[in-house]
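None of the figures in this text is laboratory data; all of them are computed from the coordinates on show. Model, not experiment: these values are computed from the prediction. Don't worry about glycine lacking a Cβ; one is built from the backbone with ideal geometry, like all the others, and counts go over all protein chains shown.
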Amino acid sequence: MASPSIVDRLLRRAEATPDDPFAYVQAERQTTAIAAADLVDEAGRWARLLVEDGCRPGDVVILVLRHGPELYTAFLGCVLAGCVPSFMPFLTPKQDPRLYWQSHDALFRRIRAACIVTWTENAALLRDMIPDLPYRVRVIGEQVGLPPLPPRRLAGGEEPALLQHSSGTTSLKKGVALSHGAIIRQVESYSGQLGLARGDVIASWLPLYHDMGLIACFMAPLLTDTTVVSLDAFEWVARPQILLAAIAAHRAHWCWLPNFAFAHLARTRRPGEHFDLSSVRAFINCSEPCKAETFDQFRTTFADCGVTATQLQTCYAMAETVFAVTQSGLDRPVGRIALSPVALAEEQILPPRQGETPTTVVSVGLAIPGIAVRILDSADQPLPDDRIGQVAVTGQFLFSGYYALPDETAAAFVGEWYRTGDLGFTRNGELYITGRLKDVIIVHGKNLYAHDIEAVANRIDGVKAGRAVAVGAFNPNMGSEDLVLICETTLEDPTARRDLRRAVRTTIEAHYGLPGVVAHVTDPGWLVKTTSGKISRKENLAKFMRETARG
C-alpha cells in the first residue's frame, strides 16, 4: 500500500464534499471562494502545464507569486506533478529588482531549480536581468484552458513534499526539505493538541513563504478539512482591521500571529471600530519572542470585543520541525515569570532585586506529542530546570538536514538533537525562551543575519571598513525589533554624516525590503570589542541603548 501524501485528504474531500470551502482568498477588497473540487481541478491544470513543460518527479519548482488563489493551486499542482514546490517572497516596491533577482538566482542555481512560476512582469524582469537562465519560467495564465492532469496516487511517506526556506536574507536562506510523512505527523500531532477539527475556520494574513503561514494556515487546513480565510499581507499592514473584520464575518476559531502583529492591531484600532472576536479559541503568538506587555496591550484594547486572557496563547516553532515544537495550554492564561534583568543578562534565573524593574518571560508551553526538548550547556550536556542554555530538539518530524548544505547540517546537530541557536530554560516541563545564540535579528517575523547586513553596510562609501555592526533593539511600540546599524566613519562634516546616515538607511532598506532601519553614525573607536578582538554585538547594543536613552 502506498504511503500517504499531503494531497490524499484533499482528493477524498473533493470527492465526498466537492463544494466544501477550502479557502476564502481576499485581495483588493474582493473575496474568491475556493471549493475543494475547484482546488483539485485548478491544481490539475497546473500539473498538466508543468509535466508538459518537462518537469519531472523530484524537480524543485520555485513559486514567486502575489497574493491570490494561484498560491494554493500552483503549489498543489506542483505536488500533483510529483515536483517539490518552494515559495519565495514576492518582489516589493522597496526592493531593488536587480539585487533581488541576482541574489535569488544564486539560490535557485544552488538548489538546482527546474522551473520558476511567477507573474508576467516578474518573468520579464528575470529574463532581462539573468540572460543565461538555467531554469524554465512559467507565468500565471498559461494554465488556463488546459485539461487537468487526472489525480493519481503519489509517492508519499518520506519523499520530499516541499522545500521550505528560512525567511532570512537571500544569500543565506537555508532550505529545509520536508517529507509528506513529516508534515502529516506534525499536523496530526499539533492539531490533536489544539483540538483543531473539521468545520473550524482559520483567519490569516501570513505569507506562505514563512513556516507559520505555510503549515498552520495551509497544510493544516489541507490535512484537517478545515477552512482558511486568507488575506494579503501587504493589505493587512496598511489596513490591519481587515483581519479582525474577517474573523468576525467568518466566525473564525484560530489565528496565528507574530508578536509585532498583536502590537500593530492594538496600536491602530480606530475610535468607533468594533469587531466580535468571541469566536476565537486562540490567538497564538509565534515566530518572534512573545512579550507579556504586548499581550496585555492587546487584551486591554480589545476586551470590549470579547478578547480574554485565556484566548492569548503562545507557541515555539521552526521550519526544521515542520512547525510547532511547543504549545501553551488553551484552558488557562499563559504562564509568566518575573526575573531580575541583570541576572538574566548573565544567564541566571533569579527573582527581581529591590529597585529593579523586572523582566517578565512568558511560557511557550509544553512539547507537543512526537517531539522532545532539552536545554544544553556549552559542552552539549543537558541542563536541569531553571538553568539557561541552548534549546535542542528531536522527534518524529525533525528534518534530516539543510538542502544541499551538508556542512551546515553537520554543524547543527549533536547526535540526534538539533541545536536551535535559541537560548532558554525549562520549568515543570514548560519552555521559556530568553534570547539567541545565533546572530539573528527578527524584524516583523523576518530573520536577518547580522553579519550579512554588516557586509552590505561595509561596502557603503564613508563607512570605515570592518567597523559596522547590526543589532536588534526591541521596540515596545512596534512589538518587534528595530534593525539598528551602528557605523564608524572618519567623516567630520555634519552634512556628510547626515548623507551617510541616509545612504546606510536607504541601502539596507532597498536590499532587504524593510522600512524603518535605524542608522547610527559614530566616531572611530566607538565600537566595543571583546577580549579576543571581535566586535561585540551584545555590548554595542547595550552602549547604543544607553546613549539613546540619554538623548
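Considering the values [x] 179; [y] 271; [z] 167, which represents volume of the Cα convex hull per residue in Å³ as calculated for the structure under consideration? Computing volume of the Cα convex hull per residue in Å³ and matching it to [x] 179; [y] 271; [z] 167 gives [z]. This ranking places Val456, Val84, Val528 by how few other beta-carbon atoms lie within 10 Å of each, fewest first, which gives Val528, Val456, Val84.
Measuring between their Cα centroids, the stretch 1-71 and the stretch 196-257 lie 17 Å from each other.
For Arg387, neighbours were defined as the other residues whose beta-carbon sits under 9 Å from its Cβ, and their charges (Lys and Arg +1, Asp and Glu -1) total -4.
Residues in the stretch 187-220 near a label at Ala33, defined as backbone nitrogen under 15 Å from the 7 Å Cα→Cβ point? Hits in the stretch 187-220 for Ala33 at 15 Å: none. Within the chain, DSSP assigns beta bridges of which about 60% are antiparallel (rounded to the nearest 5). Against the main long axis of the alpha-carbon atoms of the chain, helix 180-194 sits at an angle near 70°. Of the residues Ser340, Ile486, Ala197, the one whose Cα sits farthest towards the positive end of the charge dipole of the chain is Ile486 (charges of +1 on Lys and Arg Cβ, -1 on Asp and Glu Cβ, taken about the Cα centre).
What GluC sites (Glu not before Pro) does the stretch 442-497 have in DSSP loop regions with at most 15 other beta carbons within 10 Å? Qualifying residues, ordered by number: Glu492. Calculated FRET efficiency, Asp386 and Asp276, Cβ-Cβ r, R0 56 Å, to nearest 0.05? That pair, Asp386 with Asp276, gives E of 0.85. Among 393-406, 334-347, 220-233, the peptide with the highest mean count of other Cβ atoms within 10 Å heads the list, and the full ranking is 220-233, 393-406, 334-347. The slack between Arg112 and Arg152, meaning 0.36 nm per residue of separation minus the straight C-alpha distance, is 11.8 nm.
Our summary gives the chain a relative contact order of 11 percent, counting only alpha carbon pairs under 8 angstrom and 6 or more residues apart. Relative to its Kirkwood radius, the Cα radius of gyration of the stretch 1-84 gives an Rg/Rh of 0.99. Here Arg427 and Thr92 are evaluated by their C-beta separation; at R0 = 45 Å the FRET efficiency comes out at 0.65. Using Cβ point charges alone (K and R +1, D and E -1), the dipole size of the chain about the Cα centre works out to roughly 600 debye. For the stretch 8-312, the alpha carbon convex hull comes to 133 Å³ per residue, rounded to a whole number.
If you wrap the Cα atoms of the stretch 127-273 in a convex hull and average its projected area over all directions, you get 13.1 nm². Each other residue within a Cβ distance under 15 Å of Gly335 adds +1 if Lys or Arg and -1 if Asp or Glu, for a net charge of -1. Taking a quarter of the surface of the Cα convex hull of the stretch 179-232 gives a mean projected area of 3.5 nm².
For Lys529, the lysines whose Cα comes closer than 23 Å to its Cα, not counting residues fewer than 8 places off in the same chain, are Lys438, Lys464, Lys538, Lys543.
Expressed to the nearest 5 percent, the antiparallel share of DSSP beta bridges inside the stretch 8-312 is 30 percent. Here's the picture: charge each Lys and Arg Cβ at +1 and each Asp and Glu Cβ at -1 in the stretch 8-312, and of Gly44, Trp254, His165 the one pushed furthest to the positive end of that dipole is His165. Placing unit charges on the Cβ atoms of the charged side chains and taking the dipole of the chain about its Cα centre, the candidate lying farthest along the positive direction among Val528, Trp119, Phe298 is Val528. The equivalent ellipsoid that matches the C-alpha gyration tensor of the stretch 440-550 spans semi-axes of 20, 17, 14 angstrom, in descending order. Taking the empirical scaling 2.2 N^0.38 Å for compact globular proteins as reference, the stretch 42-174 has a Cα radius of gyration ratio of 1.01.
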